[in-house]
Amino acid sequence: MEFTVEASGARRARTDCAIVGVHERADLSAIAKNLDRALGGRLTRILKGGDFSGRSGETLLVPDLGTGPAARVLLIGLGSRKAWNRRAYRRAALTAAQAVVKSGARDARFLIAAEPVPEVDAYYRARLAIEAMGQARYRIPDLKSSRKPAPARLARVRLVAAERGELAAMKRGVAHGAAIAAGMALTRDLGNLPANVCTPSYLGTVARRLAREHRAVRTRVLGEAELKRLGMGAFLSVTRGTAEPARLIVMEYRGGKAGEAPVALVGKGVTFDSGGISLKDPGGMDEMKFDMSGAAAVFGALKALAVLGAGINVVGIVPACENMPGSCATKPGDIVTSMSGLTVEVLNTDAEGRLILCDALTFSRRFRPAAVIDVATLTGACVVALGQHMSAVMSNSQVLADALLTSGRRAGDPCWQMPLGEEYQEQLKSNFADLANVAGREGGAVTAACFLWKFVDGLNWAHLDIAGTAYVSGANKGSTGRPVPLLVDYLLSRT
Ligand code: BES
Ligand code: MN
Ligand code: ZN
């Protein structure tokens, strides 16, 4: 797929499909009026005839327009001008991308990129549009035996800038959007693959492939013997119930200055979470193949940075294992010693994410990171609290939390801050060990974060709970690729 940028008003080659936005009440923007004139008033007639109103989500493909500037026009409803904002722009871009990918067009001109959007600059208009194209073109790596549908014919998209002065920013937006889309596609693939394919060793293979494809990436994959030597008793306690070997995957991306402190991204890589001896209910248990979505997001973010050659050092750390109820499985009440030396009473083997993450967070210290961000489908309580629209962010640094909140908002991949507090940490007290791994039902997302907080003394740390945002259930079940846009936005903002 090729993306280019051109200024509005420039002499243009004819396109297979012009994608035009219309606001509610058949309200044409200046750029749409120009096209309408070139098409002899065809759009005005369609709107007058009542076939299109401009409601958000509405699309109309007008084919066979003859020899004019466009063979087809794809009308996209932008909704009311009052509600025209970043989210409405993203939604319109995604609707447009899906419709044009479904059409027979080989190339398209995206005129919506020239529509002014309050508080969204040209860079983000371009980036969000390209991300939407990536989202729409994505296909699940399914294992259906029926013939695969023909790939989309669309090979080239030209984004239209409102004025020449926007061209440079939009070109940057296109490059960043394409890299983020590539990262998201990797994240979604890894999430969507079944747990019998996407095992911890498989993730190790993907990490090695990343290093092969990108010179700036170096990968190390540690096995259980090395984890034992490192003293990762908390991590190892989770993998005891399965025959599938655990892995600690370390990926270093070096795009910044030598010696510059890296950002560490730590991703929960539970490739299947049965709950262990504290076995989960069977309903929807298949979705626990998505319990490595944090890890998948770390892979995706690194992929995006490597594609861009971004000027930053990042280390991705992925503890990967299964959580299964085998005969050697950790039992409720067992006490394990984490790499930090803190002992943990495992009261519930289904609270396994924090056990693998605490050791990975301790491990991250050896990189002397400028910031550590862990990403995890950590708690069902987070889904109850925030639903599927926002990830939770907790941090011991308000500066870091604010940066992530801002990046989430800008990237259209929002998160919402939840607290940390000693009063919650007190709920983690154990009679038998330094702390317990669960703290009762109340405030579950917060107490989980407070467990991790015990392990990050002196680190500049944030935790993203993506249990509600990483994948969707139901008819469109699948990985969303979040929070790759948020992470990449944050990392790029540091360069
Ligand atoms: N992977 C789950 C969290 C989860 C639940 C993610 C639903 C996505 C959707 C995690 O390992 C877990 O089981 N957490 C428990 C913690 C509890 C035992 C304290 C939970 O949320 O129920
Ligand atoms: Mn669990
Ligand atoms: Zn889990």
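Just the Cα atoms of the chain, one point each, no solvent: what log10 I(q)/I(0) does Debye give at q = 0.06 Å⁻¹?
Evaluating at q = 0.06 Å⁻¹ gives log10 I(q)/I(0) of -0.30.
List the aspartates and glutamates whose Cα sits under 12 Å from the Cα of LYS148, skipping any in the same chain fewer than 8 residues away.
Filter leaves no residues.
With each label point set 7 Å from Cα along the Cα-Cβ vector, what nm distance links THR343 and SER53?
Reported label-point gap for THR343 and SER53 is 6.8 nm.
Quick one: which residues, 5+ away or cross-chain, put their amide H under 5 Å from the amide H of TYR471? H built at 1.01 Å from N.
Long-range HN contacts for TYR471: THR480.
Rounded, prolate or oblate: pick one for the stretch 280-342, where a ≥ b ≥ c are the square roots of the eigenvalues of its C-alpha gyration tensor, a/c under 1.5 means rounded, and failing that, prolate if a/b is larger than b/c, else oblate. Present the calculation step by step, with values, prior to reporting the outcome.
Values: a/c = 4.30, a/b = 1.65, b/c = 2.61.
Oblate.
Show me 49-61, 346-358, 17-29, 72-84 ranked by packing, highest mean number of other Cβ atoms within 10 Å first. Don't skip to the answer; put the middle values down first.
Numbers: 49-61: 15.0, 346-358: 25.5, 17-29: 22.5, 72-84: 20.4.
Averaged packing, sorted descending, gives the order 346-358, 17-29, 72-84, 49-61.
So what is the diffusion coefficient of the stretch 173-316 in µm² per second by Stokes-Einstein at 25 °C and 0.890 mPa s, using a Kirkwood Rh over Cα pairs?
Working: Rh = 16.0 Å.
Using the Kirkwood radius from Cα pairs, D works out to 153 µm²/s.
How large is ³J(HN,Hα), in whole Hz, for each residue of the stretch 243-259 in order, when computed from phi with the Karplus curve 6.51 cos²θ - 1.76 cosθ + 1.60 and θ = phi - 60°, using x for Gly and Pro?
So the J values, rounded to whole Hz, are 7, 6, x, 7, 9, 10, 9, 10, 10, 9, 9, 10, x, x, 5, 4, x.
What are the ³J(HN,Hα) values, in whole Hz, obtained from phi via the Karplus relation 6.51 cos²θ - 1.76 cosθ + 1.60 with θ = phi - 60°, for each residue of the stretch 329-339 in sequence order, with x given for Gly and Pro?
After applying 6.51 cos²θ - 1.76 cosθ + 1.60, I find 4, 4, 10, x, x, 4, 10, 10, 10, 7, 4 Hz.
Through the Karplus equation 6.51 cos²θ - 1.76 cosθ + 1.60, θ set to phi - 60°, convert the phi angles of the stretch 414-430 into ³J(HN,Hα) values in whole Hz; use x for Gly and Pro.
Along the stretch 414-430, the couplings run x, 10, 9, 7, 10, x, 10, x, 4, 4, 6, 4, 4, 5, 8, 5, 10 Hz.
What shape does the stretch 1-74 take by its C-alpha gyration tensor, where a ≥ b ≥ c are the square roots of the eigenvalues and a/c under 1.5 counts as rounded, a/b above b/c as prolate, and the rest as oblate?
Working: a/c = 1.63, a/b = 1.47, b/c = 1.11.
Prolate.
Using amide H atoms built 1.01 Å from N in the peptide plane, name the residues 5+ places from THR15, or on other chains, whose amide H lies under 5 Å from its own.
ALA70, ALA71
Working out 0.36 nm times the residue gap between ASN85 and ARG215, then minus their Cα-Cα distance, what length gain in nm do you get to one decimal? Mind showing how you got there, number by number?
On the way: separation 130, 0.36 × 130 = 46.80 nm, distance 3.93 nm.
Result for the pair: 42.9 nm of gain on full extension.
Straight-line reach from LYS477: which lysines have Cα under 16 Å away, leaving out those fewer than 8 places along the same chain?
Straight-distance partners of LYS477: LYS144, LYS289.
Scan around GLY21 for amide H atoms under 5 Å from its own, H built in the peptide plane at 1.01 Å from N, and keep only partners 5 or more places away or cross-chain.
ILE76, ILE112
Sort the stretch 446-495 into rounded, prolate or oblate with this rule: let a ≥ b ≥ c be the square roots of the eigenvalues of the Cα gyration tensor; rounded if a/c is under 1.5, and if a/c is not under 1.5, prolate when a/b is larger than b/c, oblate otherwise. Write out the running numbers ahead of the final one.
Values: a/c = 5.27, a/b = 1.38, b/c = 3.82.
Cα axes put the stretch 446-495 in the oblate bin.
Report, to the nearest 10°, how far helix 484-493 tilts away from the longest principal axis of the Cα atoms in the chain, using its own Cα long axis and a range of 0 to 90°.
Long axis of 484-493 versus the principal axis of the chain: about 90 degrees.
Hey, what angle do you get for helix 122-137 against the long axis of the chain, alpha-carbon based, 0 to 90 degrees rounded to 10?
Tilt of helix 122-137: around 80 degrees.
Treating the angle as unsigned and between 0 and 90°, give the value, to the nearest 10°, between the Cα long axis of helix 398-411 and the longest Cα principal axis of the chain.
Around 30 degrees separate the two axes.
So how much slack lies between ARG139 and TRP416, counting 0.36 nm per residue of separation and subtracting their Cα-Cα distance, in nm? Intermediate values should be presented prior to the final figure.
Numbers: separation 277, 0.36 × 277 = 99.72 nm, distance 2.95 nm.
Gain on stretching ARG139 to TRP416: 96.8 nm.
Report the label-to-label distance for LYS33 and LEU65 in nanometres (one decimal), using points 7 Å from each Cα along the Cα→Cβ vector.
Modelled inter-label distance: 1.8 nm.
Counting other Cβ atoms within 10 Å of each Cβ, which chymotrypsin sites (Phe, Trp or Tyr not before Pro) in the stretch 373-468 have at most 16 and sit in a DSSP loop? Please report the intermediate quantities before stating the final value.
Values: sites: TRP416, TYR424, PHE432, PHE451, TRP453, PHE455, TRP461; in loops: PHE432, PHE455.
The qualifying sites are PHE432.
Semi-axes of the stretch 2-161's equivalent ellipsoid from the Cα gyration tensor, sqrt of 5 times each eigenvalue, largest first, rounded to whole Å? Show your work: numbers first, answer last.
On the way: eigenvalues 114, 69, 52 Å².
Equivalent-ellipsoid dimensions as semi-axes: 24, 19, 16 Å.
Which value does Rg/Rh take for the stretch 356-495 over its C-alpha atoms, Rh per Kirkwood?
Numbers: Rg = 15.1 Å, Rh = 15.5 Å.
Reported Rg/Rh (Cα atoms, Kirkwood Rh): 0.97.
Per-residue ellipticity at 222 nm for the chain, helices alone: DSSP H runs ≥ 4 residues times -39500 (n - 2.57), over residue total, nearest 500 deg cm²/dmol?
-11000 deg cm²/dmol
For a protection proxy built on the mean count of beta-carbon atoms within 10 angstrom, sort 235-243, 321-329 highest first, please. Don't skip to the end; give the middle numbers.
Numbers: 235-243: 23.7, 321-329: 20.0.
Answer by packing, highest mean first, reads 235-243, 321-329.
Read-outs: derived from the displayed coordinates by stated rules, not from any lab. It should be emphasised that the depicted structure is a prediction, and the values quoted were computed from it without experimental measurement. Counting neighbours? That spans all protein chains shown, and the Cβs are built from the backbone with ideal geometry, glycine included.
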